[in-house]
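Just below is one structure, and these are the notes that go with it.
Please treat every number below as a calculation from the coordinates, not as lab data. Remember, it's a predicted structure, so these values are computed and weren't measured experimentally. When we count neighbours, we look across all protein chains shown, and the Cβ atoms used for this are built from the backbone with ideal geometry, even at glycine.
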Amino acid sequence: MTDVYTTDIALEVRELSRTFGVRKALNKVSFDLPDGAFLSVFGPNGAGKTTLIKVLTTVTVPSKGTARVCGLDVVEDAVELREKIGLISHNPLLYPDLSAEENLQFFAEMYGVSDVSDRVRELLVSVELDHRRMDLVRTFSRGMLQRLSIARALLHRPDMLFLDEPYSGLDPHAMDILDGLIAQVRHDHTFVMISHDLDKGLELCSHALILAKGKVVLFDSKENIDPDEFKATYRSTVGMGVA
């Protein structure tokens with residue numbers, strides 16, 4: 001599949017730093033990501049990947065530097081920015097004692113979605129959960145929770161989607177469904193995905209970023225990346241083998 005993206009900048013990061021005591025989780029991180037791109041972020045545990053996502057989604061305030069997402073500053077425009085982004089993380093951010101339909105209705109109303117019933121039904125069909133729409137979420141498998149969390153993230157038609165290890169814990173069928181969902185909405189959003197799977201991350205991305213000890217080791221577009229050289233850089237930088 002050919003990657004399609006414009007030259008407009010969706011994500012602008014400048015000298016971004018975040019410290020926790022004496023530990024530098026992010027250390028002067030800078031890069032630009034075009035609108036419509038798919039960025040895969042790689043690095044070992046403790047590299048700063050999740051902290052980067054938290055800053056870009058307004059969950060954590062940076063210590064220094066700036067970041068603009070969809071043209072909005074992550075600190076000064078945080079409230080407005082939250083309406084333009086969707087987040088899929090390890091925590092599905094769902095209410096276990098509500099049904100799938102009730103969860104999506106709640107979040108749709110919170111985001112001010114105008115066509116709540118139609119939008120909820122459309123997404124439940126897309127994630128293959130329409131037949132379980134009245135079941136309590138606490139009865140769902142890991143894969144079903146992840147699919148429903150994707151529906152939640154897409155409800156308000158965000159400009160940018162952040163995915164923190166979205167394939168973690170999924171069985172092969174659930175992974176296939178997630179692949180299909182990403183393909184369906186690929187050209188309607190800009191993506192930032194954290195991944196420990198180099199092959200999957202490189203397969204999906206238009207741009208790739210390696211973080212180590214809070215610093216950018218490599219950032220480039222996929223067309224300039226040789227997969228073998230990329231994996232060698234990853235191994236030599238973070239000391240982790242690649243299967």
> Just one of [x] 7, 30, 31, 19, 10, 3, 0; [y] 7, 31, 36, 21, 5, 0; [z] 6, 22, 24, 24, 14, 7, 2, 0 is P(r) over Cα pairs in 10 Å bins from 0, in percent calculated from these coordinates, so which is it?
Replying inline: [y]
>> Using a Förster radius of 25 Å, what is the FRET efficiency between Val79 and Ser114 based on their Cβ-Cβ separation? Nearest 0.05, please.
In response: 0.80
> Residues with amide H under 5 Å of Gly86's amide H, sequence separation 5 or more or different chain, H placed in the peptide plane at 1.01 Å from N; which?
Replying inline: Met160, Leu161, Phe162
> Along region 187-193, what does the Karplus equation 6.51 cos²θ - 1.76 cosθ + 1.60 (θ = phi - 60°) give for ³J(HN,Hα), rounded to whole Hz, x for Gly and Pro?
Replying inline: 8, 9, 9, 9, 10, 10, 10
> So what's the net charge close to Arg133: Lys and Arg +1, Asp and Glu -1, counting the other residues with Cβ under 14 Å from its Cβ?
Replying inline: -2
> Dipole magnitude of region 93-157 about its Cα centre, charges +1 at Lys/Arg Cβ and -1 at Asp/Glu Cβ only, in debye to the nearest 20?
Replying inline: 260 debye
> With the dipole of the chain worked out from charges on the C-beta (+1 for Lys and Arg, -1 for Asp and Glu) around the Cα centre, which of Tyr111, Leu163, Ala47 lies farthest toward the positive end?
Replying inline: Ala47
>> Can you work out the Karplus-derived ³J(HN,Hα) for every residue in region 200-205? Use 6.51 cos²θ - 1.76 cosθ + 1.60 with θ = phi - 60°, whole Hz, and x for glycine or proline.
In response: 5, x, 6, 4, 7, 7
> Between Ala212 and residues 5 or more places away or on another chain, which pairs have amide H atoms under 5 Å apart, with H built 1.01 Å from N, and which residues are they?
Replying inline: Val217
> Applying the Karplus parametrisation 6.51 cos²θ - 1.76 cosθ + 1.60 with θ = phi - 60° to the phi angles of region 138-145, what ³J(HN,Hα) value in whole Hz is obtained for each residue in order, glycine and proline being reported as x?
Replying inline: 5, 8, 7, 6, 4, x, 5, 4
> Just how far, in whole angstrom, is region 27-53 from region 132-154 if you go by their alpha carbon centroids?
Replying inline: 27 Å
>> What does the charge count around Arg121 come to, taking other residues whose C-beta lies under 11 Å from its C-beta (Lys +1, Arg +1, Asp -1, Glu -1)?
In response: -3
> Most fluctuating residue of Asn91, Asn103, Asn27 in a GNM of the chain with Cα springs under 10 Å: which is it?
Replying inline: Asn91
> Nearest 20 debye, what's the magnitude of the dipole of the chain about its Cα centre given +1 on Lys and Arg Cβ and -1 on Asp and Glu Cβ?
Replying inline: 1120 debye
> What size of dipole, in debye to the nearest 20, comes out for region 124-243 about its Cα centre when the only charges are +1 on Lys and Arg C-beta atoms and -1 on Asp and Glu C-beta atoms?
Replying inline: 520 debye
> If R0 is 45 Å, what FRET efficiency do you get for Arg186 and Arg23 from their C-beta distance, rounded to 0.05?
Replying inline: 0.80
> Long-range amide H contacts for His156: which residues qualify at under 5 Å (H placed 1.01 Å from N, peptide plane, sequence gap of 5 or more or a different chain)?
Replying inline: none
